[in-house]
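Here's the structure we're looking at; comments come further down.
Every number here is computed from the coordinates shown, using simple stated rules; none is lab data. As the structure is a prediction and not an experimental result, all values here were calculated from the model.
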Amino acid sequence: MSLTFHRILHFIPLMVTGAVLFSFSSAVLGQNDVVSFNTATVEQLMAIKGADVPEAVARAIVVYREKNGPFTKASDLRTVPGMPSGLFKELNPVTSEDGSDVLYDQDTEPVLTPLKT
């Protein structure tokens, strides 16, 4: 076999690994960078574009979800211990249309919440 053929064989596992990782990240984040707060890992929460999610808060979201069950409305995220109000605004969580999930969607317009008086 030629040296070039051996080099190609060397890169095939790397190309397959890259394709698998790309497919996995696309499936988790979706085409529009939609993240489910009910299924995301700590790493995925920390990687949300448009929000600076500290590791401690990402872990708190996952722990809260595991202890209390899935989030059913956007305001449920406010009850996560250590959730700063500024971060909640950055995340701009929305409830899915069918009411079964709470999502981060970078294309969603910010939701105006009434001020406490």
Under the Karplus curve 6.51 cos²θ - 1.76 cosθ + 1.60, θ = phi - 60°, whole-Hz ³J(HN,Hα) for the range 35-46, x wherever Gly or Pro sits: 10, 8, 6, 8, 10, 5, 7, 4, 4, 5, 5, 5
Three-way shape call for the range 32-105 based on the alpha-carbon gyration tensor, with the a/c threshold at 1.5: rounded
Length released on extending from residue 46 to residue 83, taking residue separation times 0.36 nm less the Cα-Cα span: 12.0 nm
Phi-based couplings in Hz for the range 74-85 (Karplus 6.51, -1.76, 1.60; Gly and Pro marked x): 4, 5, 4, 5, 5, 7, 5, x, x, 6, x, 4
